[in-house]
Every structure is written in structure tokens, then in C-alpha cells.
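The structure appears below as C-alpha cells.
The values are calculated or read from the model by the stated rules, or taken from the named source; none is laboratory data. Since we're looking at a predicted model, the values are computed, not measured. Every residue, glycine as well, gets a Cβ built from its backbone with ideal geometry; the counts of neighbours run over all protein chains shown. For the accessible areas, the whole protein counts, side chains as well, though only heavy atoms, and no ligand, DNA or RNA atoms are used. Shrake-Rupley method; radii C 1.70, N 1.55, O 1.52, S 1.80 Å.
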Amino acid sequence: MRIGILTGGGDVPGLNPCIKAVTRRAIEHGWEVLGFRRGWAGPLHFDPDNPEAGEGHLMRLDHEAVRTIDRKGGTVLHTSRVNPKAMKEDQLPDFLKGRFAAADDGTVDCTPHVERVLNHLGIDVMLTIGGDGTLSYSAHLHRHGVVKVVSIPKTMDNDVFGTDYCIGFSTAVTRSVDYINALRTSTGSHERIAVVELFGRHSGETALIASYLADVDRAVIAEVPFDVEKLAKLAAADRLENPARYAMIVVSEGAKMEGGKVLTHEQTDESGRKRLGGIGEMIGEELTRLTGVNTITQSLGYLMRAGAPDSLDQMVAKGFGTLAVQEIAEGRTGFMTAVRDGNYTTVPADTCVTGRKRVDVSAFYDVETYRPRVAKVLGMPMYLY
């Protein structure tokens, strides 16, 4: 048997331990493992009519190739946000241009090419590690019988529907708490208000849990539009009540003012999504204007996903990788690995596209005070979800 594997979307700590676990377990069964570089861009850019030129898009995985990769963050396979089902003509490799009819929105579906590549390379099962975008395309391949698929969820936002936990979340929270607390020294020295912006496009879970653990004064999450004047009054009061005369606020990058819009940059990624960011700076400027107190604004950005994974992400990454191979060995495919109520399990591969995972505001957030509020702990999973 030959297993294909790729990592797509944003990188997170824990991808390499997962790749290593899959590879080692597969080798125990006498299987081959072939890695595709740069997510779905790997099979998209491989030309079966010129396979030697396409070798740069592949990585043969064996014991030696994965021996030390789990000690590092990121992904040795590299990544991209490419979706072969919705490509712009100018994004295609030269050998594919003009081969596919464009849809009404101007995009082309290169799935027939992906199928040809996987067949050419003898891929029996395609194992994909990613978030909603990567895994939704995997589900598309499964539904249409293109190839047998197994999906593994990763995202530091922890927002893949169908699982309580995604690879990368714990490390992102750990990094965030460390940097938030480190920033207290400068904020306190200057007696200011600090606004720390964290990744979180649609889900505010990372900001919520980091705020809860770091015990910040206020948290603004993506799910709840906020009143900046109210936030300013609360922050000003927090600062005066603190003997060190400072206040800490955490905000999701996807947060928005009441009646406002999510802030984006003009720059887009490979999938055409505009990059979020700027809400922290805007809040900082408004707080200074409304309170007269200078602010420190800091976007943690890629620092949240930088470096090696913490112990929990290593554990889950290896658990997901091991579970995936064990299930394949039993003849089962078409699933996504998951954690539910603290237990490893599997769900159908298309579960990720059947709903949206967001913060349960009524259970974990006080909309009046802009603070985390844990309504119940007894009987809840370790991460409260």
C-alpha cells in the first residue's frame, strides 16, 4: 500500500510529530509513504507527462527522513492554502493552462488533474492534515470517489467542526499566555493600557482561553461585536484599580465593533481570502482618544504558531497519526480523526463542512463585561469544550 500525505493551510506546531507518527506506523505495516510538498499545490503542480520535473513536489518519507522532525515546529512538507477546486487561470502551472473550462466566477476545477496524479503515483489512501479549507477539499474527493481519504484536523483557532481539539491549539494558547504576561512589564512601567491582538478569524476560542488563563482585564472575541466607548470606560477603571496603574486587553483579529466590519488588509492569500488584522491598532487608537491614556498595541501574529509544539500538541499529533494508520490497517477510510469528550475517535470525513465551531458565548463569556466566564466545570472536558 502507498499512503500519500500533505499539510495544508496555516502551519502549526505539531505537524511534524504527526507526519512522523504516520510514517513510522505505516512502515511497520510494510507500506510506503509519499509526501506532497506545499499542501494541495503539490499534486496540482505535478505533471504525470514529465514526472522527473515534478520530483520537487514530492518527498519520500522513511525512517531517516522523519527521524528528528518532531523536535521542530512547522512542517517539513511545507504548506499552502491552494484549493484545486477553485483555481484562477493565472495561478495554474503552465502545463495546465487552458485545459479546464472556467465557472461563472472565473475559477477552474482541477480535480480531474489531481485524480490523474494520484493514480499515476499509485496512491491508495490520501491522508491530509489541515483546517477547514484543506479538509473540505479532501471531503470533496471522498464524496466523488476520487481517492480514499483520511483527514486529521489542525488549526490553532481550534475551529474545525466535529472535533473538540485540533493540533496546534495548546501551543498557540501557551505562547499567547507567555507573551501577554511578559508584556505586563512594559505596560506597567509606562502605566498604559495594552491591547494584544491574537489570531482568530471566525472563532474567538484562542483569545478566550488565553485571556482566561492569563487573567487579563478584558477580552474581545470574534463572536461578540463590542462597544468601544464601553470598553474604554471599563479599561480606564481597570487601570485605576490596579496598584501598578495598567490594564491588559486581548482581542481576536476577527472581532468587530457594533455595526462595524472585520478589518482586513488588501493582501490576499492563495485562496483569495483577505488577510485579517488591524483591529488591535484601531482599538488602541480609540482607547487613547477616549481615555487620554497612551496604549501599547501588539499583534502576536505568527509568534503564536512559531517554534516547537508543547507536550499536549505532541501527544495529540502522535495520537491522531497513530489512530489514522490503525484505522487504515483495519480497512477503514473516509473519516476524520477527532477528540470528543476527552476521547480519541473518528467522524465522517465530511463532518467538517456540516457545521461551524464557535465559542459557546452563553457558557464561557460575559457579553456585558467583556470577560471570560466559565459557567460550569463539573463534567466538562479538560479544555472546557
Does GLY342 satisfy the condition of being loosely packed, with under 14 Cβ neighbours inside 10 Å and either of a type in the set (A, V, I, L, M) or more than 22 Å from VAL125 (Cβ to Cβ) (or both)? yes
Exactly one of SER80, SER151, SER170, SER136 is open to solvent by 20 Å² or more (accessible area, probe 1.4 Å) and within 16 Å of the chain's Cα centre (by Cα), and that one is SER136
Report, ordered by the first and then the second residue, all pairs with beta carbons closer than 6 Å, sequence separation of six or more or different chains, a first member in segment 170-191 that is over 19 Å from SER252 (Cβ atoms), and a second member that is open to solvent by 60 Å² or more (accessible area, probe 1.4 Å) and modelled with pLDDT of 95 or more. GLU191/ARG245
Out of the residues in segment 90-126 meeting the condition of being charged (D, E, K, R) and in contact (Cβ under 8 Å) with a residue 60 or more places away in the chain, tell me which one is nearest to ILE5 (Cα to Cα). ASP124
Does segment 72-80 contain at least one residue that is assigned to a loop (DSSP other than H, G, I, E, B), on the phi > 0 side of the Ramachandran plot and touching a Ser or Thr at 6+ places or on another chain (Cβ under 8 Å)? yes
When you look at ASP49, is it in a loop (DSSP other than H, G, I, E, B), closer than 25 Å to SER311 by Cβ and open to solvent by 10 Å² or more (accessible area, probe 1.4 Å), yes or no? no
Taking segment 346-359 and keeping only residues that are exposed (fewer than 14 other Cβ atoms within 10 Å of the Cβ) and either touching a His at 6+ places or on another chain (Cβ under 7 Å) or β-branched (Val, Ile, Thr) (or both), one is left with THR354
Flag for GLU55 being more than 28 Å from TYR165 (Cβ to Cβ), at pLDDT 95 or above, open to solvent by 10 Å² or more (accessible area, probe 1.4 Å) and assigned to a helix (DSSP H, G or I): no
Taking into account only those residues within segment 257-316 that are of a type in the set (Asp, Glu), under 26 Å from THR134 (Cβ atoms) and in contact with a strand residue (DSSP E or B) (Cβ under 8 Å, 6 or more places away or on another chain), which is modelled with the lowest pLDDT? GLU266
Can you pull out every residue in segment 317-334 that is closer than 20 Å to ASP159 by Cβ and open to solvent by 10 Å² or more (accessible area, probe 1.4 Å)? GLY319
Counting only residues in segment 1-27 that are closer than 18 Å to GLY331 by Cα and basic (Lys, Arg), the one least open to solvent (accessible area, probe 1.4 Å) is identified as ARG2
Would you call LYS85 touching a residue at least 12 places away in the same chain (Cβ under 8 Å), within 17 Å of THR128 (Cα to Cα), open to solvent by 50 Å² or more (accessible area, probe 1.4 Å) and of a type outside the set (A, V, I, L, M)? yes
Whether any residue in segment 192-215 is farther than 26 Å from PRO381 by Cβ, open to solvent by 20 Å² or more (accessible area, probe 1.4 Å) and small (Gly, Ala, Ser) is what I want to check. no
A careful count of residues in segment 285-294 that are under 34 Å from the mean Cα position of the chain (by Cα) and either open to solvent by less than 30 Å² (accessible area, probe 1.4 Å) or more than 17 Å from ASP238 (Cβ to Cβ) (or both) gives 2
Open to solvent by 10 Å² or more (accessible area, probe 1.4 Å), under 21 Å from PRO13 (Cα atoms) and polar (S, T, N, Q): is that true of THR163 in this structure? no
Give all pairs with beta carbons closer than 9 Å in which a residue from segment 360-385 that is closer than 22 Å to SER170 by Cβ and open to solvent by less than 40 Å² (accessible area, probe 1.4 Å) meets a residue that is among the small types (Gly, Ala, Ser) and part of a helix (DSSP H, G or I); count only pairs at least 6 apart in sequence or on separate chains. PRO372/SER211; LEU384/ALA363
Conditions first: (1) modelled with pLDDT of 80 or more; (2) surrounded by fewer than 13 Cβ atoms within 10 Å (Cβ to Cβ). VAL228 passes all but one, so which condition is the exception? (2)
